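Before any comments, here is the structure.
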Amino acid sequence: MSKIISVFEKLNLVEKVDNTTPASNAPSNETSKEAEAEKIEKNDPEKDPKSFAQEVQSNHSETRKDFQYDKKMDVSEIYSFYDIENSDVNTIFMLGNFISALPENLPYEIKKSSILGIINASKMDLNKLLEDGKKRIGALQQFAKEYQRINHDTIQQFHEEIKKLEDLIRYYKEQIHFRETIMAEQAHIIQYEVEKIQKIIDFFSNDSR
């Protein structure tokens, strides 16, 4: 067991067994909240489309305003938003490093007992490390749920706005066709009347000659 521990110590996966002082957690990054989404007028194609997404997000009071739902985010950013340490020290990832450091052909039971021995010798709390993993899964799943919901609602609103614009375009096209038709008919009516009057004028003009 001491040989395996020394291997982990050389790989910097654990501190010396006699060093029981826990590593201090790095301060979490604080993020500023996004400005409240600006409202846009309906059926105005000149407005910024991103404001639609911001409006949908603002309609969900439980949604975190410091998330950016219109871009991909690294897991480190997600952990930071949930005030979770992004480190391999004293976290679930330390157990992962222990597992990776052992030979692959080592039987499972030997691997497990070796890692448990290291954890006990290092005075680490296995349950605390496992709870850290569960906390991370919970945060990631919560973010994924919100990310999917907000973007789905945004897409739905985009479809609704597209439908409104399509209806507006269809109305304008109908109005163009209608006005072109009445323009032609009106021109024909006027031309007919002009020709009728001109014939009368021409009749008397010819007579005067």
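What follows draws every value from the coordinates through simple rules; no lab data is involved. Bear in mind the structure is a predicted one, so any value in this text is a computation, not a measurement. Here the Cβ positions follow ideal geometry from the backbone for every residue, glycine too, while neighbour counts run over all protein chains shown.
What tally of residues in the stretch 139-194 results from selecting those that are farther than 30 Å from ILE84 by Cα and under 25 Å from the mean Cα position of the chain (by Cα)?
11
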For the structure I just gave you, tell me whether MET94 is surrounded by 15 or more Cβ atoms within 10 Å (Cβ to Cβ), in contact (Cβ under 8 Å) with a residue 12 or more places away in the chain and touching a Leu at 6+ places or on another chain (Cβ under 7 Å).
yes
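Which residues, counting only those in the stretch 112-132, are of a type outside the set (A, V, I, L, M, F, W, C) and within 14 Å of PHE93 (Cα to Cα)?
Once the filter is applied, which keeps residues that are of a type outside the set (A, V, I, L, M, F, W, C) and within 14 Å of PHE93 (Cα to Cα), the stretch 112-132 yields ASP125, ASN127, LYS128, GLU131, ASP132.
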